[in-house]
Structure formats: C-alpha cells, structure tokens
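Report on one structure; see the data block that follows.
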Amino acid sequence: MARTGRPRVFDKELAISKAMVLYWEQGFDSTSLAQLKEAMGISSASFYAAFGSKENLFKEVIDRYNTSYGKVTDCLADTSIKSKVAIEKALRQTAKMQTDSSHPTGCMLVLSANVCSEKNNHVRDLVFKERSLVRLNLEECIIRGQENGEITREVKADVLCTLIEAFMYGISTQARDGISYKSIDQAITQIIKTCDI
C-alpha cells in the first residue's frame, strides 16, 4: 500500500520574514513565486495552503513590516510627547532603520510596490494606503504642535506635512544609493531648523 505524503512542516513566521526581505529588496512585481518558495523553504502545496496567493503573502508581509521595522513612525501618534519631539524622533528613527545594513535598505512601503504592472495596481494601492496612515498621523501631529505653539503657523499644516513626508520617503532612495546615516542625520537637523519645527 502506498504511503500518503504528509504535509511539509515549516515555520510560518520565519517564512513570512524571509518573504519580507525578498519583497523589500526586489519589489512585488520582480519577486517570483519560485524565488519566494525557495527562500521560504516550502513546496507549492504548502505555499498555497498557508497563504493562498503571492498577493495574500504580501499582505501578511506588510503587516509584519508595520509591526516591526515600520514602528519607527508610531511616535507621531503618541500624544503624550510633544509634537516637535515626535517628528524629530520619527525622522531620526526612520533614517537609522532605513540605513541599517542588517536588512534591505530604504522603506519597504516606498520601494516594494510603487511601480507595478497594470494588473497589480491594487497591490500598489495597498502600500499607498499604509503610507496614507503615516501621513495622517504626521499631519495630526503637526496640527497639535501648531495648536500648542510648538510648531510655526507660518506654514499650513498640510504643506509642512508634505515637505516632511517627501523628505522622509526620500531617505529610501538615499539609503539605497549608499548615503550614510550620519549624512542623513545631519540633513534631518537642517530640515528641522529650516522648517522651524
């Protein structure tokens, strides 16, 4: 009598972490299913049983990123600290995380799905939604700071938010280009001074 094969056992949490590195480094479109399965050490049957699709895995990866590396901007929503402190902390933590060589450089929410084939526009929308939440927290933080007199009112909150957000996400390109944390950190000091934050 032929034996029936038992499903391959694997560590799902570790598999998601390995997939995150691939998506972060190569982007959603450029990461093939074959690469994912090889990195995660699982068969096609195990992959589909655990995740259903490459897109569903990407959603789990985004959740993992947000609860680990992406927490660097959580301080923007922390009303127990001054807005000015929260913004500076978010920028410096972001720069430190994005230039850390222990994982792919840059921000996964910026780099993994900004450019997608037309059929994957919905995947691009997933990371846009996540970035929108960061923007919302940043703008609310600025408004709190303006109301408390910590942050200048000379610049409208939404304009200041756009400036800081553009700088923050621009760190991704700088980090990928090998610009050092020290240089980016000095630029943060300058933008805080220039913006009168």
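In nm, to one decimal, how far is the modelled label at Q186 from the one at S30, with both set 7 Å along Cα→Cβ?
Using points 7 Å along Cα→Cβ, the separation is 3.0 nm.
Over the chain, give the accessible area per residue in Å² for a 1.4 Å probe, as an integer.
Numbers: 10750 Å² over 197 residues.
Result: 55 Å² per residue.
Would you work out which of G41, T99, Y65 lies farthest towards the positive end of the dipole of the stretch 26-105, given +1 charges on the beta-carbon of Lys and Arg and -1 on that of Asp and Glu, about the Cα centre?
Working it through, the farthest residue towards the positive pole turns out to be T99.
Just list whichever of K156/K182; K37/K129; K12/K54; K12/K119 have alpha carbons separated by over 21 Å in the model shown. List each step's numbers first, then the result.
Details: K156/K182 30 Å; K37/K129 27 Å; K12/K54 14 Å; K12/K119 28 Å.
Those over the limit are K156/K182; K37/K129; K12/K119.
Given axes a ≥ b ≥ c from the Cα gyration tensor, I'd like to know whether the chain is rounded (a/c under 1.5), prolate (a/b larger than b/c) or oblate. Intermediate values should be presented prior to the final figure.
On the way: a/c = 2.61, a/b = 2.37, b/c = 1.10.
Because a/c hits 1.5 or more and a/b exceeds b/c, the chain counts as prolate.
What's the magnitude of the charge dipole for the chain around its Cα centre, counting Lys and Arg as +1 and Asp and Glu as -1 at the beta-carbon? Answer in Debye, nearest 20.
Working: 26 positive and 25 negative charges, 125 e Å.
For this selection, approximately 600 debye.
Multiply the residue separation of T152 and E140 by 0.36 nm, subtract the distance between their alpha-carbon atoms, and state the gained length in nm to one decimal. If you can, show how the numbers build up before the last one.
Values: separation 12, 0.36 × 12 = 4.32 nm, distance 1.43 nm.
The T152-E140 span can extend by a further 2.9 nm.
Roughly what would the spin-label model give for D100 and K71, points 7 Å off Cα along C-beta, in nm?
Between D100 and K71, the simple spin-label model gives 1.0 nm.
Express the carbon and sulfur contribution to the solvent-accessible surface of the stretch 56-185 as a percent, rounded to the nearest whole number, probe 1.4 angstrom. Working shown, then result.
On the way: 3370 of 6620 Å².
Of all accessible area on the stretch 56-185, carbon and sulfur atoms account for 51 percent.
State whether the stretch 118-185 is rounded, prolate or oblate according to the following rule on the C-alpha gyration tensor (a ≥ b ≥ c being the square roots of its eigenvalues): a/c under 1.5 gives rounded; otherwise a/b larger than b/c gives prolate, and the remaining case gives oblate. Can you show the working numbers first?
Numbers: a/c = 3.09, a/b = 1.31, b/c = 2.36.
Here the stretch 118-185 falls in the oblate category.
What is the helix-to-structure angle for 181-194, meaning the angle in degrees between its Cα long axis and the longest Cα principal axis of the chain, kept from 0 to 90 and rounded to the nearest 10?
40 degrees
Given 0.36 nm per residue, what is the gain on full extension from T79 to Q93 after removing their alpha carbon distance, in nm? Write down the numbers at each step before the final one.
Numbers: separation 14, 0.36 × 14 = 5.04 nm, distance 1.77 nm.
Extending this stretch completely gives an extra 3.3 nm.
About the Cα centre of the stretch 96-150, what is the dipole size in debye to 20, counting +1 per Lys and Arg Cβ and -1 per Asp and Glu Cβ, all else neutral?
On the way: 7 positive and 8 negative charges, 47 e Å.
The calculated dipole for the stretch 96-150 is roughly 220 debye.
Cα to Cα, under 16 Å, and not fewer than 8 places away if on the same chain: which lysines meet these conditions relative to K193?
Leaving aside lysines fewer than 8 places away in the same chain, those within reach of K193 are K84, K89.
The values are calculated or read from the model by the stated rules, or taken from the named source; none is laboratory data. Remember, it's a predicted structure, so these values are computed and weren't measured experimentally. We place every Cβ from the backbone using ideal geometry, glycine too, and count neighbours over all the protein chains shown. Please note that ligands, DNA and RNA were not included when accessible areas were found on the heavy atoms of the full protein model with its side chains. Shrake-Rupley method; radii C 1.70, N 1.55, O 1.52, S 1.80 Å.
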